[in-house]
Amino acid sequence: MSEEVLVEQKSELEERFPDISRDERKGYAGFIVPPEKIVEFATGLRDEFGYDFLSSVTGVDYLPEDQMEVVYHAYKTTGGPELVYKVQVPRDNPVVPSLTPFFPGADLQEREAWDLVGIRFEGHPNLKRVLTWEGFEGHPLQKDWQEPFYEEDGKPFKSRWPGGDVIRSEDNNPFNKNVDYPEGFDPALWEPVGESAVYAGVGRLDHAVSETALSTDQIVVNLGPQHPSTHGVFRMVVRLEGETVVDLEPVMGYLHRNHEKIGERNTFLMNIPFTDRLDYFNSMSNNFGYVLAVEKLMGTKPPERAEYLRVMMAELTRIVNHLAAIGFLLNDLGAFFTPLLYAFEERELILDIFEAVSGSRMMCNYYRFAGMARDLPEGVFEQVKSFVLDRLPRKIDDLDTFLTNNEIIRARTIGIGVLTAEQAITHSAVGPVLRASGVPYDIRRADPYGIYDRFEFDVAVRYHGDIYDRYLIRLDEIRQSIRILEQVIRDMPEGPIQEGKPQYQVRVPPGEAYGRVEGPKGELGFYVVSNGKPNPWRYHVRAPSFINLTPLGVMGKNYMIADVVTILGSIDIVLGETDR
Amino acid sequence: MTDELNSPGYDIPPEMDGQVAITTLDKVYNWSRRNSIWPMMFGLACCGIEMICAATSRFDFSRFGMEVMRPSPRQSDLMIVSGTVTKKMIPQIVRLYNQMPEPKYVLAMGACASGGGPFKEGYSVVDGVDKFIPVDVYVPGCPPTPQALLHGLITLQKKIDMQSIKNVRWYSKDPVEAIPIPVLGPDLMDPREFELIKEYSAEKQVEEGELPVVDEA
């Protein structure tokens, strides 16, 4: 979409909604909507202007201005750049009408904003803490909230340098542990509320009249956080009628590692290795999204060879992820470990390439602002070439042959866990989940970043929205990635890999930026606010694994409990990213 | 292997050499235990993926008798704490540890489980699982490579070799106490520290000047 069209559309919007104003702050874009108009604006935008996909909702605490802001990013599923709109509320009483009744996809994100930033969403049906636990003291992403091991607002900490002696944080804490308690607190009087709150969501024991002849009691079953099928430390609480799931509540936060709080203490460069640990299967794509966001703020671009390297690594990562996803999905179906062994064999070969270029198998830390960390070592390009051109297509065909027409797989997956296109869009599902439901939305095509507009590939799409299609689409996407890689290998130019000199401390002008990539799991977005200091003011990750769990309830209901495990496997979550 | 078993420190007469094995009960006991360590199938974070890699064909820890990963703590001997331990997760980990039958071992895999790692400063991360449960082997790395994990497992085997039936804790007369399960309050609370927490909070209150400080009048 060209600039003129955008400007034209903006004035159209202002005409339609006279109460909104443009965000005039330097480096910012979008509109500021008064809190009482937000529901009207968001639904109007969806119904009249085609911005049907509410991608990201997050809160920012502007302490110096004494206000809080909720930032919304909306898109059209037909493609094009984002529309940003914001709601500003006073800091002492941050209440915003909830969008969840109109956009169910905002559900978990609003809960997260309440949990971490402390913005209350009026009208939200289930406004509970999501990443921390019920009873947790304070809202950690408020700028005046300090963690127990607090040292300073921003790194590098003076205490570590230049004295030379490292001070261990636990030595300064009275408990020698990472804990702190409010004043006047008496643990003997404390009653934990967390568990009962979890079960209250599904624990309604009203005796539903069964349609079958046998009348059975409904029971509540807890799955996880230590359960082999939950892909880590995810937890589901389900209410069962017989074996059929009647109600389902995802519980998360068991791997909440304070990515965003630590990210705000870090300098911009220090955050790159932390993004590796978000979705630990795809560290390369995570790096990609983050450096894109910061490059938008800085207004720089990497040189040509670096652009090609980026695409190459991102596509190899996608193959790694989809192989693992297929392997784990088969694990969940009961094909224990054998398909996974085949998938991991190929994964290991790609990890060898990653280790050669970056020095680490999983935590690559390979992208830099306006460039890459280092060039390909000798021989690696040939390694990639022979792997991608000769070996991989054959191996993918093998997987396809052995799995796709397997009778058990077909019986267990076709028609199970159906998510319609409409549901997928309203629940803000992204990536393979959205495309398997028949919405051909791929950011590489819809809103190209980097040099993706140069490559020829098809946006994989399937139409049934069941587990089988979510499996097939991953195979399709691996094949498309191979196609892109072929073109990258053909066109890879020589030249520098870093624009200017590599810098430890980058200067980032004040402003906001949202960088998003089509990660293997879907839209991975980084919302970065800078105030000109060495550390980001706000650093938010729009995590596809987290938001893709919103439709889990819709997909899982009315299927057997054994199917819910497979449905979860077909969404392909990684807990490092879900909980951050 | 037989040489390993067959060296109890007694001299075997030359005519019986190669026909009779003399060993100690400790050696047989440890030899069989160390070659059948069943780890718990329990991945926490990034390190969990490397743990899976260590189980796949390229690294294959079944060569050391460890391929049987059990999802149930009741059937496992070794808890590989593979990843960041958060405050929300530690009650479950302690409970799982208590549920494991003796003899049991804990391997802290990676920087996070050993001491908090890169996320140590975060508000909801436990800075080292050894603050709550006893750890036998630490494996450094972020994440450790599968080779490093294998090295850690072999180190654990060496540790098992050094134990003696005479003084192991699971054959002692006193029952082994279960570790009290931490409680999630405003922050993570260890039940053993309740008094300390109360004192600390009261002191903090005085410092903040919320309670009227008793004056000399």
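Inside region A:84-107, can you point out the residues that are in contact (Cβ under 8 Å) with a residue 60 or more places away in the chain and either open to solvent by less than 10 Å² (accessible area, probe 1.4 Å) or not aliphatic (A, V, I, L, M) (or both)? Passing the criteria: A:Tyr85, A:Lys86, A:Val96, A:Pro97, A:Leu99, A:Phe102, A:Phe103, A:Pro104, A:Gly105, A:Ala106, A:Asp107. Screening A:Gly138 against (1) closer than 20 Å to A:Lys37 by Cβ; (2) in a loop (DSSP other than H, G, I, E, B); (3) in contact with a Pro (Cβ under 9 Å, 6 or more places away or on another chain) leaves a single unmet condition, (1).
Restricting A:Leu54, A:Leu45 to residues that are buried (at least 21 other Cβ atoms within 10 Å of the Cβ) and not in a helix (DSSP H, G or I) narrows the list to A:Leu54.
What number of residues within region A:345-362 satisfy the criterion of being among the hydrophobic types (A, V, I, L, M, F, W, C), open to solvent by less than 20 Å² (accessible area, probe 1.4 Å) and modelled with pLDDT of 90 or more? Qualifying residue count, region A:345-362: 5. Taking region A:524-562 on its own, how many of its residues are touching a strand residue (DSSP E or B) at 6+ places or on another chain (Cβ under 8 Å) and over 13 Å from A:Pro250 (Cβ atoms)? Of the residues in region A:524-562, 20 are touching a strand residue (DSSP E or B) at 6+ places or on another chain (Cβ under 8 Å) and over 13 Å from A:Pro250 (Cβ atoms).
Among the residues of region A:204-223, those identified as modelled with pLDDT of 70 or more and either in a loop (DSSP other than H, G, I, E, B) or within 14 Å of chain B (Cβ to nearest Cβ) (or both) are A:Asp217, A:Asn222, A:Leu223.
Annotation: A:Pro302 fulfils all but one of (1) in contact with a strand residue (DSSP E or B) (Cβ under 9 Å, 6 or more places away or on another chain); (2) more than 14 Å from chain B (Cβ to nearest Cβ); (3) surrounded by 23 or more Cβ atoms within 10 Å (Cβ to Cβ); (4) part of a helix (DSSP H, G or I); the unmet one is (4).
Only one of these is within 12 Å of chain A (Cβ to nearest Cβ), within 25 Å of B:Pro118 (Cα to Cα), within 17 Å of the chain's Cα centre (by Cα) and assigned to a loop (DSSP other than H, G, I, E, B): B:Pro186, B:Pro144. Name it.
When all the criteria are applied, what remains is B:Pro144.
Inside region B:121-140, can you point out the residues that are assigned to a loop (DSSP other than H, G, I, E, B), more than 23 Å from B:Pro191 (Cβ to Cβ) and open to solvent by less than 10 Å² (accessible area, probe 1.4 Å)? Passing the criteria: only B:Gly122.
The requirement of being buried (at least 22 other Cβ atoms within 10 Å of the Cβ) and farther than 24 Å from A:Phe526 by Cβ is fulfilled somewhere in region A:315-324, by at least one residue.
Checking A:Gln503 against (1) surrounded by fewer than 16 Cβ atoms within 10 Å (Cβ to Cβ); (2) closer than 14 Å to A:Glu518 by Cα, which single condition isn't satisfied? Exception for A:Gln503: condition (2). Being touching a helix residue (DSSP H, G or I) at 6+ places or on another chain (Cβ under 7 Å) and open to solvent by less than 10 Å² (accessible area, probe 1.4 Å) holds for only one residue in B:Met89, B:Met66, and it is B:Met66. For region B:93-110, a residue qualifies if it is within 11 Å of chain A (Cβ to nearest Cβ), aliphatic (A, V, I, L, M) and touching a Pro at 6+ places or on another chain (Cβ under 9 Å), and exactly one does: B:Leu96. Restricting attention to region A:224-280, the residues that are facing chain B (nearest Cβ under 7 Å), outside any loop (DSSP other than H, G, I, E, B) and in contact (Cβ under 8 Å) with a residue 24 or more places away in the chain add up to 1.
The values are calculated or read from the model by the stated rules, or taken from the named source; none is laboratory data. On a predicted model such as this, the values are computed, not experimentally measured, just so you know. Glycine also receives a Cβ, built like all others from the backbone with ideal geometry; neighbour counts cover every protein chain displayed. Accessible surface areas use protein heavy atoms only, side chains included; no ligands, DNA or RNA. Shrake-Rupley method; radii C 1.70, N 1.55, O 1.52, S 1.80 Å.
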